[in-house]
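The structure appears below as structure tokens.
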Amino acid sequence: MKQAIIQRIFLGIVMITAVIILNFFLLHAAPGDVVDAMLAEGGGGDPELAARLRASYGLDEATHIQLIKYLGQVFRGDLGYSFYYDQSVTDLLLGHLPTTLMLTISALILAVVIGTLFGVYAALKPKGIFSNFVTVLSLFGYATPVFWLGMIILLVFALYLPLFPAFGIRSLPEPEHAVGRILDIIHHLVLPTFTLAILYLASYSRISRASMLDVLGSDYIRTARAKGLSETKVIFKHALKNAAMPVVTLAGLQLAQVFSGAILVETVFSLPGVGPLLYESIVRRDFPVILGVLFGAASTTIIANIITDLIYKYMDPRIQSIT
Amino acid sequence: MTQPNTPNSDQIFSSEEITSEPDVKWQDTFHLFCANRAALLGLTFVCLFILVGIFGPIVIPADPFEMVAMPLMSPNGQTLFGSDYLGRDVFVGIIHGARPTMIIAVTATLVTVLIGITIGAIAGYYGGMVDNVLMRITEFFQVLPPLVFAMVIVAVFSSHIVVVILAIAITTWPTEARLTRAEFLKIKENEYVTASRAIGDRNFRIITKIILPNAMPPLMIAITLRVGITVIYEAALSFLGLTDPDVITWGKMIGQSRDFFFEAWWTVTFPGVAILLVVLCIALIGDGLNDAFNPKLRGR
């Protein structure tokens, strides 16, 4: 167990290093460097000043030396500087990532819980109306673009039925009481979270129905029934745990995808997460921020993968590794 | 894409291993697929969509970028689906957007599948160290959130259509690679593979002529579904403005109307419905293939 943890963490560090190297080369491929960005902010400059600045930033050195320096920088938490925001990229990321993570994780949990329940309920009557509903739902979940769904949900629940706020994460002015402030944030997050959750919920309900049908036909369920246990007990105590496994596994693997979805949803609902930050930075060609977001997103996924992997190992020692 | 079964059946029949009698499984599959009404409906609509993509701009030659009406006009006799904030006809945009959407989705899927199958096949066939290294690389690409990575690629290089296609492929191939690898691991244990090796077939031949055709059923389902995912993926990139400025796509129409859709619901609703319908029909085909290849698992 201990060895497995160390091995997993070591692999994680290798992965993060690989992301940094990728970032370095993308940064090199990008048009313009940090000096160009500085001079552009200052309204242009003469070539001599540019050359002096490049030397002071070490940009005239050989590529491999720059790469090693860059690796050292990033591991010390320095991702560069955004001249537009006049802030370090690390601070920008730390300011924007929590919103995105909150959205991603709450949507994923919602999708897993509701999806599994839908699937279990559908599996009880495989030919019933609800089972067909799950089939149709999963088709629509596959076919609906998340950003478009967000807009339609906004039209319905913010414009025609003004139940929820249309954009942002806080009301202005903010409620005075702390509880009021939290409720206000939740109120703002309901629509984006559901938008993101619905699509995954749809596919999870189908998967959990299939695995529930498998489980319900297995010997140990027959034994449980033969013992005279009530149907509720059979389903919720014996079958559910095993039927939910594929869904939980898939959810763990899909984290990076859900993160991508969250970025689109944030853009639609104007939430102050990394989505709008990335979008604005691409429009402005602010490359340190763009690559900082890639690094932040990838390392979050790597860390989350390690955590889920270890939880699995703890829960079910037979599992070697899910990733 | 239109007749998923024919090209592969040819491949099977011409393969030297199965000379005496044709593999009945493909015929069964074909019949099962044809008996599936939902799948045929999907196939019909996808064909219709392809026809619109090919002939639409010829039948309706209007320029989709041209301002033909007052801005933000609701659907009426003049503009069937209304006009956007610049007075451009939404209906004309949807007709003209079909072709780029189709071309990007199909090309990007082909590139994705090519990378995925190659890597998955090599990893699954050779195993050991090769497999280990290739799987670590695959994992690396899986921790990069696809959309973020694609946005970065397009931002760093350019929003040329070729870059967009490559960005989509580079960020999505791991799924196909994993699937191919899993199939190869399973199939290479079969006796006919050992037999083929025993008579001295070269590795390349075993991979492409013996294992790959047998791995096709799950791959074909995955490829079909991949086309749909790519349509949505491309729409997302266009929605964010990361696409060729000279090309009109459905995602771009939605993205450009983002600031106005509270005043003009039709500017985002209709292009979105177009995406939804196309991808839904692709999903029906995928489901149909799934049922046809695995008749026992029907309805799961």
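So the values come out like this:
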{"item": "Output for the stretch B:74-98, where each listed residue is of a type in the set (A, V, I, L, M, F, W, C) and assigned to a helix (DSSP H, G or I)", "result": "B:Val90, B:Phe91, B:Val92, B:Ile94, B:Ile95, B:Ala98"}
{"item": "Any chance B:Ala222 is more than 11 Å from chain A (Cβ to nearest Cβ) and more than 16 Å from the chain's Cα centre (by Cα)", "result": "no"}
{"item": "Count of the stretch A:63-105 residues which are among the hydroxyl-bearing types (Ser, Thr, Tyr), more than 24 Å from A:Phe167 (Cβ to Cβ) and touching a helix residue (DSSP H, G or I) at 6+ places or on another chain (Cβ under 8 Å)", "result": "4"}
{"item": "Residue within the stretch A:139-162 that is farther than 30 Å from B:Val46 by Cα and either surrounded by 15 or more Cβ atoms within 10 Å (Cβ to Cβ) or touching a residue at least 60 places away in the same chain (Cβ under 8 Å) (or both) present", "result": "yes"}
{"item": "Pairs with Cβ under 6 Å, 6+ apart, first in the stretch B:142-164 and more than 7 Å from every other protein chain (Cβ to nearest Cβ), second assigned to a helix (DSSP H, G or I) and buried (at least 24 other Cβ atoms within 10 Å of the Cβ)", "result": "B:Ala150/B:Ala167; B:Ala150/B:Thr171; B:Ile153/B:Ala167; B:Val154/B:Ala167"}
{"item": "Single match in A:Leu255, A:Leu216 (criterion: surrounded by 19 or more Cβ atoms within 10 Å (Cβ to Cβ) and more than 29 Å from the chain's Cα centre (by Cα))", "result": "A:Leu216"}
{"item": "Residue match in the stretch B:217-232 (condition: basic (Lys, Arg), without any contact (Cβ under 8 Å) to a residue 24 or more places away in the chain and at negative phi)", "result": "no"}
{"item": "Total residues in the stretch A:70-98, condition assigned to a helix (DSSP H, G or I) and touching an Asp or Glu at 6+ places or on another chain (Cβ under 8 Å)", "result": "1"}
{"item": "Which listed residue is surrounded by 22 or more Cβ atoms within 10 Å (Cβ to Cβ) and not in a helix (DSSP H, G or I), from B:Thr230, B:Thr180, B:Thr171, B:Thr243", "result": "B:Thr243"}
{"item": "Filtered residues of the stretch B:257-279 (kept if among the aliphatic types (A, V, I, L, M), within 10 Å of chain A (Cβ to nearest Cβ) and either assigned to a loop (DSSP other than H, G, I, E, B) or out of contact with any Phe, Trp or Tyr (no Cβ under 6 Å at 6 or more places or on another chain) (or both))", "result": "B:Val273, B:Leu276, B:Leu277, B:Val279"}
{"item": "Filter result (more than 23 Å from the chain's Cα centre (by Cα) and more than 7 Å from every other protein chain (Cβ to nearest Cβ)) within the stretch A:133-163", "result": "A:Phe133, A:Val134, A:Thr135, A:Val136, A:Val156, A:Phe157, A:Ala158, A:Tyr160, A:Leu161, A:Pro162, A:Leu163"}
{"item": "Verdict on A:Leu310 being out of contact with any Leu (no Cβ under 6 Å at 6 or more places or on another chain), within 12 Å of chain B (Cβ to nearest Cβ) and not in a loop (DSSP other than H, G, I, E, B)", "result": "no"}
{"item": "Residue identified as surrounded by 22 or more Cβ atoms within 10 Å (Cβ to Cβ) and either modelled with pLDDT under 85 or at the interface with chain B (Cβ under 10 Å from one of its Cβ atoms) (or both) among A:Val289, A:Val293, A:Val248, A:Val283", "result": "A:Val293"}
{"item": "Qualifying residue in the stretch B:58-71 (condition: of a type in the set (A, V, I, L, M, F, W, C) and closer than 20 Å to B:Gly255 by Cβ)", "result": "yes"}
{"item": "Failed item, numbered, when A:Lys127 is tested on (1) within 27 Å of A:Val265 (Cβ to Cβ); (2) over 20 Å from the mean Cα position of the chain (by Cα); (3) surrounded by fewer than 19 Cβ atoms within 10 Å (Cβ to Cβ)", "result": "(1)"}
{"item": "Candidates B:Ile206, B:Ile254, filtered to the one that is part of a helix (DSSP H, G or I), within 13 Å of chain A (Cβ to nearest Cβ) and either surrounded by fewer than 24 Cβ atoms within 10 Å (Cβ to Cβ) or without any contact (Cβ under 8 Å) to a residue 24 or more places away in the chain (or both)", "result": "B:Ile254"}
{"item": "Residue that is nearest to the other protein chains (Cβ to nearest Cβ) [pool: residues in the stretch A:260-280 that are surrounded by 24 or more Cβ atoms within 10 Å (Cβ to Cβ) and free of Cβ contacts under 8 Å to residues at least 24 places away in the same chain]", "result": "A:Ser260"}
{"item": "Hey, A:Ser203 surrounded by 19 or more Cβ atoms within 10 Å (Cβ to Cβ), among the polar types (S, T, N, Q) and touching a Phe, Trp or Tyr at 6+ places or on another chain (Cβ under 8 Å) or not", "result": "yes"}
{"item": "Flag for A:Ala166 being closer than 30 Å to A:Val274 by Cβ, within 13 Å of chain B (Cβ to nearest Cβ) and outside any loop (DSSP other than H, G, I, E, B)", "result": "no"}
{"item": "Check on A:Arg225, more than 11 Å from the chain's Cα centre (by Cα), away from chain B (no Cβ under 14 Å) and either surrounded by 18 or more Cβ atoms within 10 Å (Cβ to Cβ) or modelled with pLDDT of 80 or more (or both)", "result": "yes"}
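The values are calculated or read from the model by the stated rules, or taken from the named source; none is laboratory data. Quick caveat, the model's predicted, so the values are computed rather than measured. All Cβ positions, glycine included, derive from the backbone under ideal geometry; neighbour counts span all protein chains shown.
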